[in-house]
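Undergrad: Have a look at this one before I ask anything.
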Amino acid sequence: MGSGADLLPGTLDLLILKAVSLAPLHGYGILLRIQQLSRAMLQIEQGSLYPALYRLEHRGLISPEWGVSDNNRRAKYYRLTAAGRNQLRREAEEWRRLNDAVEYVLGATPQEV
Amino acid sequence: MFTRFRSFAHAISRRRRVESDLADELQFHLDARVQDLISQGMAPEEARRRARLEFGATDRVREECREARGLRVIDTIVRNTRFALRLLRRDPVFTTTAVATLALCIGANTAVFSLVDAVLLRPLPYPDPARLAQVVVTYARNGESTVQSALTGAVWEAVRDRAAGLDAAAISESTPEVNLFADGHALSVRQQRVGSGFFRVLGVPPFMGREFTADEDRQGGPPVAVLSHAVWLSQVGGDRTIVGRTIHLRGEPYTVVGVMPPDFRTGWLADVWTPLRPTTTGEGGGSNYSVIARLRPGITEPEADAQLQRIGTDVIRGVDGPNAASGRLQQISLQRGMTEEVRQPLLLLWGAVALVLIIGCANIAGLQLARSSVRAREIGTRVAIGAGRGAVVGQLLTESVVLAVLGAAAGIVVGWLVMAALMPALVTTFGLWQPAGLSVRLLGVSIVVAGATGVAFGLWPALTATRTDLRSAFAEAGHRGVAGRAHPWPRRLLIVIQMALGITLLVGAGLFVRTFLSLNTQPAGFDPTGVFTAHISLQDARYKTTEQVVRLFDESLFRIQSLSGVVAAGVMLTPPYERALNLGFMPTDGRTGNFTTNACYVTPGALRALRVSTLRGRSITEADRAATEHVVVVNEAFVRRYYPQRDILGESMRLGGTARNVVGVVGDVPVKSGWGNYGPLAAVPTVYLPAAQMPDASISMIHTWFPPTWVVRTVGDGAPLLLGIQKAVGAADPLLPVTGFRSIDDVRADSLALQRLRAELFGGLALLALVLTFTGLAGLIAHGVAQRSHEIGIRLALGARASRIVGRTVGQGMLLAAVGALAGVGLALAGARLVERLIWGVRPGDPLTYVVAVVGLLCVAAVASLVPALAIARVDPARTLRSE
């Protein structure tokens, strides 16, 4: 999968919620979708994905159901719950505010100080 | 929060499913990745390797997933429990010993607690039981207070009229064997006479009809009755029209006014209630009533006591008691009043089983200590490869809890069996009238006891075990030339404690056994061989006069005497070994004061049938008729107490209003005393009166309390005799049922049932303590020998004599036993004061009991030390050397 940017702590949950908000996905699908959406810049450690999924499921933010994959195998699909949708909105806003703040700091020039 | 709980609950309840789903999901991921890598042009083998590498350790991922769902604690517990069960299976001797010990200890505790719960702790089954009280007179004597609950009619009237804060009712004891006829059926029932307001005070209204009015509860009031639900069902088939109809009690018509609800129970065990009709003369002149009460709303206990005390001491002068001047009228809780007699013995029994539990727990703690020192290597290894101290303690604790749960489960079964086996004896001896069973409360207490035991004996060894640092753990496990420095002191201390408590229990049991033996073997004063007794209740309208009663006696005895095998027969008011009538009397020699004696009317044949020896003068004869001089025959105990150093023949006394001359002295026959300080079964001052010379009024009153007893001496068997008596009585009066047919030995056994049960219960507990102590000591010695077998082998190889090593090992055990026994004697001497009032014919400091207890325990200790020490002789020095 090559190398890419490291994830900031806490962002994995946000990315998973976003990925499954677009369409129900199985675990491997979530991995591929994040990779695709980030233009291959974000690499998720495969081993940490599943504990994160179980954590989100335990908190009731996503709900699992068994379905059939493209290659006709039984696979566990995750979909966003109503609580998950709210959580995604809150975390996304949080992230954008943080992002803006960091931008302001990084964009500062000597004159502005 | 709720979703988390659901997810957690789901994870637990469908654990296997969740596990396999997780495995499937991860497998799907790996397969998909492999497919992608292959489609990117990688060789299948390489793709699989690569996929696994990228994913990392699946086990760790799974673990983290489980943790994410909150399953880790459960996992640990399940794993620890499995491990503990495996270990326990691998060590069956330890497991069996521990579980059996716990089962016996917890079983004994469960059984005794269920009894304590039913008798002392559970609130009375009436509304607002805390407001129920009993009015009593308390006497302070030598710093101890005695409670007198039997009161006179005068006290009852004073309480009724002057204690406005109490809603009170007077009652009488219940009378068994009363004949009830209703709807053509006859039944022997228990009748209790209760004052109006009895049911209102208890707070239980009749199920049908009403209770007695004040008008019905006075002398000459209309005869009315309230039936128990059971009698209503069995006797009149649950007929609802019974209220207002007539039934016959003792041959007299009574109008039924009410029926009580099915779950109504009292400690007096009655089937039919009739009005008390209290008086201040006759019955009411003596202490024959109890007074129960409910505190009126807003009245506190001190206020009620103050009202009762204002009544003054004058009114209690007629009450039986050590000293009227020191008496105080007061109220105590009804529950306490009803359990006054059994409270102390029951608490004592509870204390004894608690001691057994402590001994048992000490045993298990010892076993665990021994085991943990053997397992020090294993634990050391686990700590060495990185197990945290918490994890090791958790593991050891789990083992203890698993043991405790197994023990508790087995203990509940044992307790249930013990309860079931003892129930009939308990019902009569401890006055158990509420159902005792495996209540939720009882279950809770058992689990708490087991749990506390588990933690107590699990935590200590666990903490000592993990304190071991690695080097000493490996060194002390003893695979060096010498034995490791074991930590024997905690275990030795446990043994000493066990010994001390064991002695205490043995001494207690010994005192009770000696009490029973001394009561059971006291001189009978008559020849009991071939003597049988039977009761016939004469609470009957047709037997109101002495003439009617004596005619029945004469006719039935005439027929009984002609039965084959019958040597002699007679009728007496109460037989030997049973409670007798108490009567006040007044010597005519000018002495004043209170004189009390047992009184018993007899037909001339009764003392002859018993072969009671006449010591001076004459016995009662056929010549003593109603019209002849009124006479009395007294026993030796009477002479000893009231006429010492004086010739009693020719003296006279007033008895029940009649002057009588003393014409003879007979030997003592033991009876239940019920007054004075004579003990449960003793030679009590007694006067014998000719039945024919009883006044009419007193004979019918006495017959409401006692059914007269036919005593028959036979050379034949009991069974045909019963038939013969029934026929003989039937010929004289076909309506009188014969009850209570027993040999005189059975009468004695029944009278001593409480003392026997006490001796058996405490004896059983002492035996249990002995077995536990044996196991504990034997375990300690065996463990020491096993630990030192290597060292012993080397010593033997170097020429030490096995017998000397055995001797020293046994000596060690005996030293501990001796120290424990010494401590135990001190403890027992202190504890024996608690049983002082329950033992007879033996002193609390009885030297023989103590010597037997100490010698017995030391013998057990000797065997417990010797048997495991003999293993030393089997140590083979050659093998020890080879293994070096």
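The values are calculated or read from the model by the stated rules, or taken from the named source; none is laboratory data. This structure is a prediction, so every number in the text was calculated from the model and none was measured. Every residue, glycine among them, receives a Cβ derived from its backbone with ideal geometry; neighbour counts consider all protein chains shown.
Undergrad: In this structure, does A:N71 turn out to be without any contact (Cβ under 8 Å) to a residue 60 or more places away in the chain, at the interface with chain B (Cβ under 9 Å from one of its Cβ atoms) and surrounded by fewer than 13 Cβ atoms within 10 Å (Cβ to Cβ)?
TA: Taking the combined requirement at face value, the residue satisfies it.
Undergrad: Just wondering, is there one or more residues in segment B:72-80 that are within 13 Å of chain A (Cβ to nearest Cβ), at pLDDT below 80 and within 19 Å of A:Y78 (Cα to Cα)?
TA: At the first step, the residues of segment B:72-80 found to be within 13 Å of chain A (Cβ to nearest Cβ) are B:72.
Pick out the ones that are also at pLDDT below 80 and you get B:72.
Next, only the ones that are within 19 Å of A:Y78 (Cα to Cα) stay: none.
No, because not a single residue in segment B:72-80 is within 13 Å of chain A (Cβ to nearest Cβ), at pLDDT below 80 and within 19 Å of A:Y78 (Cα to Cα).
Undergrad: Inspect all residues belonging to segment A:82-94 and state whether any of them is at negative phi, within 14 Å of chain B (Cβ to nearest Cβ) and over 16 Å from the mean Cα position of the chain (by Cα). Lay out the reasoning, then the answer.
TA: Filtering segment A:82-94 for residues at negative phi gives A:82-94.
So of that shortlist, the ones also within 14 Å of chain B (Cβ to nearest Cβ) come out as A:82-84, A:86-87.
Now restrict to residues that are over 16 Å from the mean Cα position of the chain (by Cα): A:82.
Within segment A:82-94 (the criterion being at negative phi, within 14 Å of chain B (Cβ to nearest Cβ) and over 16 Å from the mean Cα position of the chain (by Cα)), the answer is yes, since at least one residue qualifies.
Undergrad: Another one. Residue check, B:V507 against (1) farther than 25 Å from B:I702 by Cβ; (2) modelled with pLDDT of 90 or more; (3) in a loop (DSSP other than H, G, I, E, B), all met but one. Which one?
TA: (3)
Every residue, every condition in (1) touching a strand residue (DSSP E or B) at 6+ places or on another chain (Cβ under 6 Å); (2) of a type in the set (A, V, I, L, M, F, W, C); (3) part of a strand (DSSP E or B), yes or no:
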{"site": "B:N661", "(1), (2), (3)": "yes, no, yes"}
{"site": "B:N677", "(1), (2), (3)": "no, no, no"}
{"site": "B:V687", "(1), (2), (3)": "yes, yes, yes"}
{"site": "B:P707", "(1), (2), (3)": "yes, no, no"}
{"site": "B:W710", "(1), (2), (3)": "yes, yes, yes"}
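Undergrad: Which one of these does B:R89 not meet: (1) within 14 Å of chain A (Cβ to nearest Cβ); (2) loosely packed, with under 14 Cβ neighbours inside 10 Å?
TA: With respect to (1) within 14 Å of chain A (Cβ to nearest Cβ); (2) loosely packed, with under 14 Cβ neighbours inside 10 Å, B:R89 is out only on (1).
Yes/no matrix, rows are residues, columns are (1) under 60 Å from the mean Cα position of the chain (by Cα); (2) away from chain A (no Cβ under 14 Å):
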{"residue": "B:M42", "(1), (2)": "no, no"}
{"residue": "B:E46", "(1), (2)": "no, yes"}
{"residue": "B:R49", "(1), (2)": "no, yes"}
{"residue": "B:A57", "(1), (2)": "no, no"}
{"residue": "B:V61", "(1), (2)": "yes, no"}
{"residue": "B:R69", "(1), (2)": "yes, no"}
{"residue": "B:F83", "(1), (2)": "yes, yes"}
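Undergrad: State whether one or more residues within segment A:34-43 are within 12 Å of another protein chain (Cβ to nearest Cβ) and touching a Leu at 6+ places or on another chain (Cβ under 9 Å). Give the derivation first.
TA: From segment A:34-43, those within 12 Å of another protein chain (Cβ to nearest Cβ) are A:35, A:43; that's our starting set.
Those left that are additionally touching a Leu at 6+ places or on another chain (Cβ under 9 Å): A:35, A:43.
Yes, there is a match, as at least one residue in segment A:34-43 is within 12 Å of another protein chain (Cβ to nearest Cβ) and touching a Leu at 6+ places or on another chain (Cβ under 9 Å).
Undergrad: What residue, of B:L723, B:L772, is part of a helix (DSSP H, G or I), of a type in the set (A, V, I, L, M), modelled with pLDDT of 85 or more and surrounded by 20 or more Cβ atoms within 10 Å (Cβ to Cβ)?
TA: Numbers: B:L723 fails: surrounded by 20 or more Cβ atoms within 10 Å (Cβ to Cβ).
Exactly one residue qualifies, and that residue is B:L772.
Undergrad: Find the strands (runs of 3 or more DSSP E) located wholly in segment B:141-258 whose residues include 3 or more that are under 33 Å from the mean Cα position of the chain (by Cα), and list them.
TA: Qualifying strands (runs of 3 or more DSSP E): B:144-148, B:166-182, B:185-194.
Undergrad: Additional query: Sort out which residues of segment B:559-577 are touching a residue at least 12 places away in the same chain (Cβ under 8 Å) and surrounded by fewer than 17 Cβ atoms within 10 Å (Cβ to Cβ), and write them in order of number.
TA: First pass over segment B:559-577, keeping only residues touching a residue at least 12 places away in the same chain (Cβ under 8 Å): B:559-561, B:563-577.
Result: B:Q561, B:S564, B:G565, B:V567.
Undergrad: Tell me, please, whether a residue that is part of a loop (DSSP other than H, G, I, E, B), among the hydrophobic types (A, V, I, L, M, F, W, C) and either under 32 Å from the mean Cα position of the chain (by Cα) or at pLDDT 90 or above (or both) can be found in segment B:787-798. Working first, answer last.
TA: Kept after step one, since they are part of a loop (DSSP other than H, G, I, E, B), are these residues of segment B:787-798: B:788, B:798.
Narrowing the set further to residues that are among the hydrophobic types (A, V, I, L, M, F, W, C) leaves B:798.
Those left that are additionally either under 32 Å from the mean Cα position of the chain (by Cα) or at pLDDT 90 or above (or both): none.
There is no residue in segment B:787-798 that is part of a loop (DSSP other than H, G, I, E, B), among the hydrophobic types (A, V, I, L, M, F, W, C) and either under 32 Å from the mean Cα position of the chain (by Cα) or at pLDDT 90 or above (or both).
Undergrad: Let me ask another. If B:L735 passes every condition in (1) in contact (Cβ under 8 Å) with a residue 60 or more places away in the chain; (2) under 24 Å from the mean Cα position of the chain (by Cα) but one, which one does it miss?
TA: (2)
Undergrad: Right, here's the next one. Which condition number does B:R742 fail, the rest of (1) in a helix (DSSP H, G or I); (2) modelled with pLDDT of 85 or more; (3) buried (at least 16 other Cβ atoms within 10 Å of the Cβ) being met?
TA: Among (1) in a helix (DSSP H, G or I); (2) modelled with pLDDT of 85 or more; (3) buried (at least 16 other Cβ atoms within 10 Å of the Cβ), the lone unmet condition for B:R742 is (1).
Undergrad: If the requirement is being under 43 Å from the mean Cα position of the chain (by Cα), part of a helix (DSSP H, G or I) and not charged (D, E, K, R), which of these qualifies: B:G807, B:G841, B:G845, B:G856?
TA: B:G856
Undergrad: Separate question: Considering only segment A:74-113, state which residues are aliphatic (A, V, I, L, M), in contact (Cβ under 8 Å) with a residue 24 or more places away in the chain and more than 17 Å from A:P24 (Cα to Cα).
TA: A:A92, the sole residue that qualifies.
Undergrad: Among the residues of segment B:673-697 satisfying the criterion of being buried (at least 20 other Cβ atoms within 10 Å of the Cβ) and over 38 Å from the mean Cα position of the chain (by Cα), which is nearest to B:I648 (Cα to Cα)?
TA: B:L689
Undergrad: Take segment A:44-68 and flag every residue that is facing chain B (nearest Cβ under 7 Å) and in contact with a His (Cβ under 9 Å, 6 or more places away or on another chain).
TA: Once the filter is applied, which keeps residues that are facing chain B (nearest Cβ under 7 Å) and in contact with a His (Cβ under 9 Å, 6 or more places away or on another chain), segment A:44-68 yields A:Q46, A:Y50.
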